[in-house]
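Down below is the structure, laid out as structure tokens.
The values are calculated or read from the model by the stated rules, or taken from the named source; none is laboratory data. What you see is a predicted model; the values in this text were computed from it and never measured. So basically every Cβ, Gly included, is an ideal-geometry build from the backbone, and we count neighbours across all protein chains shown.
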Amino acid sequence: MSVLIKNPEKYFRQFIPKRSALLRELEEEAFREDIPIVGPVVGELLFILARIIRAERILELGTATGYSAIFLSEAFENLKGQLVTLENDPAMAARARKNFKRAGVEEQIKIRVGDALEEMKTIPPPFDLIFMDIEKIDYYTALPYCRDLLRQNGLLVADNVGFEDADLFNKAIFSSNEFRPVSLFSFLPLHSPEKDGLCLALRL
Ligand SMILES: C[S@@+](CC[C@H](N)C(=O)[O-])C[C@H]1O[C@@H](n2cnc3c(N)ncnc32)[C@H](O)[C@@H]1O
């Protein structure tokens with residue numbers, strides 16, 4: 001009989017995806033300054049998901065220093081695509097802008113500085129993918145906007161659904177007949193935090 005790997009957390013730490021020096025620098029900076037970022041495992045997952053659905057229009061809620069937005073924008077085939085990312089802290093937005101230039105993806109990304117819950121009311125649909133990564137308590141309020149902004153068969157990815165503040169969102173999306181969701185509670189090396197839930201939901 002096959003046996004599960006002993007100490008899977010230690011074992012899977014050796015399989016963290018390769019990434020650029022810039023992304024590693026942003027990880028170190030986030031660790032030093034206690035900025036919660038998705039880290040290389042969820043970053044790579046975002047890249048793969050965006051690439052396989054051939055996303056051309058992506059919306060991100062919560063930019064911080066731009067780490068996850070760089071993964072998402074690098075998924076555009078032949079750089080053909082647009083990511084709109086929403087951040088309510090102007091200082092963070094300024095840092096992200098510099099990082100987008102350094103990553104060479106500034107043409108593909110538009111940052112809107114303001115409250116995501118307000119900004120989403122004025123952004124024209126449709127999006128192929130929405131990545132939700134703001135205050136977890138606001139996920140529930142953001143959900144109907146995501147529903148309206150996603151195209152049919154578009155993908156919603158919500159980070160940090162292992163937090164108590166995401167409880168209302170988790171219950172709402174699993175009782176909705178407008179989404180087909182799956183939640184993964186996982187070990188995610190270098191994610192903030194390393195054990196957390198991720199929700200993927202198809203817009204019906
Ligand atoms: C978890 S961090 C985002 C991390 C980023 N997605 C990454 O992985 O690189 C959340 C960010 O969302 C911003 N934020 C929180 N609530 C927001 C809101 N209602 N509207 C816009 N930005 C918000 C915070 O200022 C913070 O920079």
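If you go through segment 65-96 and pick out every residue that is at pLDDT 95 or above and either within 14 Å of residue 50 (Cα to Cα) or touching an Asp or Glu at 6+ places or on another chain (Cβ under 8 Å) (or both), you end up with 20. In segment 184-199, of all residues being within 16 Å of the chain's Cα centre (by Cα), over 15 Å from residue 133 (Cα atoms) and not charged (D, E, K, R), the one that is surrounded by the most Cβ atoms within 10 Å (Cβ to Cβ) corresponds to 188. Give segment 59-75 a look and list any residue that's of a type in the set (A, V, I, L, M, F, W, C), over 10 Å from the mean Cα position of the chain (by Cα) and either within 23 Å of residue 153 (Cβ to Cβ) or near the ligand (Cβ under 7 Å from one of its atoms) (or both), or say none. Within segment 59-75, 64, 75 meet the criteria.
Taking first residues from segment 176-204 that are without any contact (Cβ under 8 Å) to a residue 40 or more places away in the chain and partners that are part of a loop (DSSP other than H, G, I, E, B) and exposed (fewer than 14 other Cβ atoms within 10 Å of the Cβ), the Cβ contacts under 8 Å between residues at least 6 apart in sequence or on separate chains come to 177/204; 178/204; 179/204; 180/204.
Taken over segment 136-153, the criterion of being within 11 Å of the ligand (Cβ to nearest atom) and surrounded by fewer than 17 Cβ atoms within 10 Å (Cβ to Cβ) is satisfied by 137, 141. Could you give me the residue pairs with C-beta distances under 9 Å whose first residue belongs to segment 118-136 and is at positive phi, whose second residue is of a type in the set (S, T, N, Q) wherever it lies, and which are 6+ apart or on separate chains? Cβ pairs passing all conditions: none.
Among the residues making up segment 18-49, those that are surrounded by fewer than 16 Cβ atoms within 10 Å (Cβ to Cβ) and either on the phi > 0 side of the Ramachandran plot or away from the ligand (no atom under 12 Å from the Cβ) (or both) are 18, 20, 21, 22, 24, 25, 28, 31, 32, 34, 48. Scan segment 50-70 for residues that are assigned to a helix (DSSP H, G or I), surrounded by fewer than 24 Cβ atoms within 10 Å (Cβ to Cβ) and in contact with a Phe, Trp or Tyr (Cβ under 8 Å, 6 or more places away or on another chain) and the total you get is 0. Yes or no: segment 157-174 includes at least one residue that is among the aromatic types (Phe, Trp, Tyr), touching a helix residue (DSSP H, G or I) at 6+ places or on another chain (Cβ under 6 Å) and surrounded by 17 or more Cβ atoms within 10 Å (Cβ to Cβ). The answer is yes, given that some residue of segment 157-174 is among the aromatic types (Phe, Trp, Tyr), touching a helix residue (DSSP H, G or I) at 6+ places or on another chain (Cβ under 6 Å) and surrounded by 17 or more Cβ atoms within 10 Å (Cβ to Cβ). Just to be sure before I move on: is residue 107 more than 12 Å from the ligand (Cβ to nearest atom) and in a helix (DSSP H, G or I) in the structure I sent? In short, yes.
Is it true that residue 172 is of a type in the set (Gly, Ala, Ser), touching a residue at least 24 places away in the same chain (Cβ under 8 Å), assigned to a helix (DSSP H, G or I) and within 16 Å of the ligand (Cβ to nearest atom)? The answer is no for residue 172.
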